[in-house]
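Down below is the structure, laid out as structure tokens.
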Amino acid sequence: MIEISHVNKWYSPTFQVLTDCTTSVTKGEVVVVCGPSGSGKSTLIKCVNALEPFQSGEITVDGTKVHDPKTDLPKLRSRVGMVFQHFELFPHLKIIDNLCLAQTKVLGRPLDKAKTKGMQLLERVGLKEQAEKFPAQLSGGQQQRVAIARALAMDPIVMLFDEPTSALDPEMVSEVLDVMVDLAREGMTMMVVTHEMGFARKVANRVIFMDRGEIVEDAQKDDFFGKPRSDRAQKFLSKILSH
Amino acid sequence: MLGSFDFDVIRRSLPYLFYEGMTFTLTLTALAAFGGLVFGTAIALMRLSGYKLLGRIAGLYVDFMRSLPLVLVIFWFYFLVPYIGQWITGAPRPIKVGAFASSLITFIMFEAAYFSEIMRAGIQSISRGQPAAASALGLNYAQTMRYVVLPQAFRNMLPVLLTQTIVLFQDTSLVYVLSIPDFLGAASKVAQRDGRLVEMYLFAAVVYFTISCIASFGVRRLQSRIAIIR
Amino acid sequence: MNYNWNWKIFFEPNPMGTGTYLDMLLSGLALTIKTALLAWVIALAVGSIVGVLRTLPSRGAYWFGFCWVEFFRNMPLLVQLFLWFFVLPEMLPRAAGLWLKQLPNAPFWTAAIGVGLFMSARVAVQLQAGIGSLPRGQRMAATALGLTTVQGYRYVLLPMAFRIILPPLTSEFLNTIKNTAVAITIGLIELTGQARSMQEFSFQVFEAFTAATILYLLTNAIVVTAMRFLERYVAIPGYITGK
């Protein structure tokens with residue numbers, strides 16, 4: 001589904017954020033990307049739907065080349081759902097309108113169909129009653145669930161999550177993770193940047209560990225948690241799991 | 001068009017334009033900025049003093065001045081100042097006030113309203129925690145203002161005050177409506193006399209543009225340096 | 001003060017034979033408002049385009065926006081009006097210049113366009129700041145949903161940016177009204193101009209200026225009140241803007 005091969009990215013000639021990153025995500029797979037802050041994991045996931053440009057290497061999503069200038073990027077992005085750390089709901093639109101905007105403007109769905117779809121998804125994330133409210137009237141956890149529903153409304157073939165729970169108050173983390181776990185169990189292809197190792201243990205197929213712009217470890221879940229091969233991954237895990 | 005462009009008329013009138021015109025413009029700008037700053041500080045302090053009536057009066061003055069076009073204010077003071085002078089000195093007739101004095105008073109009164117607002121915003125931009133922290137350390141009100149609030153506020157508002165002074169520099173051109181030979185007035189006089197409107201107005205535009213550009217570039221540099229210190 | 005007040009002067013006929021002196025001032029007010037409204041439409045339209053250009057990733061667009069703003073901000077408005085009124089017709093080909101000079105209502109059109117362009121630079125700066133104050137993720141979220149750049153601005157960035165800059169835009173509109181008075185120098189007999197002619201005809205200086213002052217204050221009050229209503233009308237529930 002997603003093929004990443006030999007991707008390099010520089011912010012400036014002396015500052016390389018991604019170094020020769022190669023990995024893949026197959027259909028129905030859930031891959032968790034972790035690593036210390038500044039390791040390039042958010043940048044890598046944003047390269048997948050071309051929110052961030054990269055200088056060399058190749059990324060293909062469902063056979064479409066992301067780096068090809070001829071690629072219709074809006075069309076590609078409309079098939080790749082993304083959830084952000086800070087939710088990024090559109091504050092001036094009601095919840096239901098947040099869900100309908102891209103459905104109508106990008107996919108060209110008629111408004112009533114978009115609304116029906118939106119309401120179904122809101123019901124699924126447990127927020128049907130909030131449809132007529134504005135984002136600022138919802139809690140962080142509710143906003144993030146809306147953001148997930150907004151991405152799902154586009155019928156994505158893959159979902160990208162960029163630290164979806166790290167801006168949340170601790171008591172709201174689980175309501176978001178529950179939605180993500182359900183999604184994974186239903187067979188959605190997911191690439192998730194997160195520190196939530198409990199989530200990784202529960203539903204991940206593979207875990208990628210990144211440090212200083214490199215993919216240090218790329219292993220099956222049980223291998224990763226059983227016996228990480230690199231020192232850096234071991235250190236990271238011991239820090240993150242000790243408390 | 002450019003073929004008939006007469007550079008000589010500019011060259012010939014340079015001494016008049018700069019010795020008389022620009023000197024008037026720059027002197028007016030500098031004195032009005034200084035006076036406006038002093039008077040504006042007084043107004044800002046009145047508004048922040050906590051005395052309701054004092055604050056109300058100062059606020060009314062600021063709102064009043066900021067609601068009126070500068071051109072109208074220039075006319076107001078041009079006709080009013082002689083009568084005020086008469087009232088103060090007790091002279092039998094409205095006293096004669098020179099063009100320079102009249103416009104200086106106008107700009108001081110007008111700019112004070114704008115300067116005071118900049119200063120009020122600058123002082124209010126300091127977070128409430130700062131004076132609280134100062135009092136917690138045992139500083140009194142005057143010390144808190146002098147050593148903690150004002151130094152920070154001044155840093156915040158200096159670039160804005162300077163930018164407002166550049167606006168003032170441009171606005172002084174409006175004394176044109178009193179037929180006073182400031183820089184633009186002088187250029188206009190030559191333009192009418194020699195029938196060279198294109199040359200003189202283009203030249204005036206270039207001069208104003210150059211000075212304002214250099215000044216605002218300076219302000220921007222200052223701003224980035226202050227930002228780094230913080 | 002030995003000044004002969006005569007407040008009844010407003011109801012005496014003016015020497016132009018267009019009714020009373022009060023009628024004269026009111027017609028001046030009407031012209032002030034007409035000029036200011038047209039100038040404001042120009043300022044908003046042009047300023048919005050230039051402001052958006054200054055936020056695009058393209059270098060060329062940024063530079064065009066930068067030069068536009070610097071050009072109109074670094075010259076006194078009076079000098080700009082002189083350039084449009086006296087210099088421009090001479091710089092054009094003969095026929096076009098002649099046509100411009102013989103245009104009926106030339107002072108009105110020059111004032112509206114001149115003040116409009118002057119104000120467009122300030123609108124542009126405000127809008128740029130407004131767009132810049134939005135979280136970077138908003139643009140990303142719009143892009144990730146597949147919206148094109150134009151759609152992203154139209155449906156996501158601009159609706160928020162304009163709401164945020166509504167208060168400063170109010171004062172820029174008031175500035176536009178005030179700035180039309182500068183056009184007295186190119187022969188536009190707006191409110192200040194009518195007060196000045198009333199003073200010249202009737203010698204009642206202070207009555208004339210007092211009346212003009214009151215009319216300006218009234219106009220200000222009406223605009224401020226109207227904008228308050230607009231602000232309340234477009235306010236987003238739960239969302240707190242800056243101050």
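Couple of notes before you dig in:
- Annotation note: Cβ proximity below 8 Å between a residue of the stretch B:191-209 that is on the phi < 0 side of the Ramachandran plot and touching a residue at least 12 places away in the same chain (Cβ under 8 Å) and a residue that is assigned to a loop (DSSP other than H, G, I, E, B) and of a type outside the set (Asp, Glu) (sequence gap 6+ or interchain) occurs for B:Val198/B:Phe5; B:Glu199/B:Phe5; B:Tyr208/C:Asn74; B:Tyr208/C:Met75; B:Tyr208/C:Pro76.
- Taking the stretch C:174-191 as the range and being without any contact (Cβ under 8 Å) to a residue 60 or more places away in the chain and more than 7 Å from every other protein chain (Cβ to nearest Cβ) as the test, the residues that pass are C:Leu174, C:Asn175.
- The stretch B:112-163: number of residues that are over 25 Å from B:Gly35 (Cβ atoms) and β-branched (Val, Ile, Thr): 3
- Test result for C:Trp68, touching a helix residue (DSSP H, G or I) at 6+ places or on another chain (Cβ under 8 Å) and over 30 Å from B:Gln164 (Cα atoms): no
- Flag if A:Leu18 is hydrophobic (A, V, I, L, M, F, W, C) and free of Cβ contacts under 8 Å to residues at least 40 places away in the same chain: no
- Any chance A:Phe84 is closer than 18 Å to A:Met191 by Cα and aromatic (Phe, Trp, Tyr): yes
- Taking the criterion of being polar (S, T, N, Q) and surrounded by 20 or more Cβ atoms within 10 Å (Cβ to Cβ), the only residue of the stretch C:39-61 that qualifies is C:Thr55.
- Every test in (1) away from chain A (no Cβ under 14 Å); (2) closer than 30 Å to A:Phe134 by Cβ; (3) basic (Lys, Arg) is passed by C:Lys101 save one, and that test is (2).
- Residue in the stretch B:1-22 that is nearest to B:Arg66 (Cα to Cα), counting only those that are in contact (Cβ under 8 Å) with a residue 60 or more places away in the chain and among the hydroxyl-bearing types (Ser, Thr, Tyr): B:Tyr16
- For the stretch C:192-227, a residue qualifies if it is more than 19 Å from C:Val182 (Cβ to Cβ), within 11 Å of another protein chain (Cβ to nearest Cβ), among the aromatic types (Phe, Trp, Tyr) and in contact (Cβ under 8 Å) with a residue 24 or more places away in the chain, and exactly one does: C:Phe206.
- Of the residues making up the stretch C:78-133, those that are closer than 22 Å to C:Phe64 by Cβ and either charged (D, E, K, R) or surrounded by 15 or more Cβ atoms within 10 Å (Cβ to Cβ) (or both) number 23.
- Of B:Ala99, B:Ala91, B:Ala142, all but one fail to be modelled with pLDDT under 85, in contact with a Leu (Cβ under 7 Å, 6 or more places away or on another chain) and among the hydrophobic types (A, V, I, L, M, F, W, C); the exception is B:Ala99.
- Scanning the stretch C:104-145 for residues being part of a helix (DSSP H, G or I), more than 17 Å from C:Val69 (Cα to Cα) and within 13 Å of another protein chain (Cβ to nearest Cβ) gives a total of 10.
Conditions (1) out of contact with any helix residue (DSSP H, G or I) (no Cβ under 8 Å at 6 or more places or on another chain); (2) closer than 30 Å to C:Leu147 by Cα; (3) surrounded by fewer than 22 Cβ atoms within 10 Å (Cβ to Cβ), marked per residue:
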residue	(1), (2), (3)
C:Arg163	no, yes, yes
C:Leu166	no, yes, yes
C:Leu174	no, no, yes
C:Ile177	no, no, no
C:Ala183	no, no, no
C:Gly187	no, no, yes
C:Glu190	no, no, no
C:Ser197	no, no, yes
C:Phe203	yes, no, yes
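- Check on B:Ala121, surrounded by 18 or more Cβ atoms within 10 Å (Cβ to Cβ), among the aliphatic types (A, V, I, L, M) and closer than 30 Å to B:Phe77 by Cα: no
- Only a single item in (1) under 30 Å from A:Leu160 (Cβ atoms); (2) modelled with pLDDT under 95; (3) more than 21 Å from the chain's Cα centre (by Cα) is not met by C:Ala208, and it is number (1).
- Of the strands (runs of 3 or more DSSP E) lying entirely inside the stretch A:134-242, those containing at least 2 residues that are of a type in the set (A, V, I, L, M, F, W, C), farther than 15 Å from A:Lys41 by Cβ and within 15 Å of the chain's Cα centre (by Cα) span A:158-162.
- Boolean, A:Gly126 is away from chain C (no Cβ under 13 Å), under 21 Å from A:Glu171 (Cβ atoms) and part of a helix (DSSP H, G or I): no
The values are calculated or read from the model by the stated rules, or taken from the named source; none is laboratory data. Because the structure is a prediction, the values reported are computed rather than measured. Because the Cβ atoms are built from the backbone with ideal geometry, glycine has one as well, and the counts that use them run over all protein chains shown.
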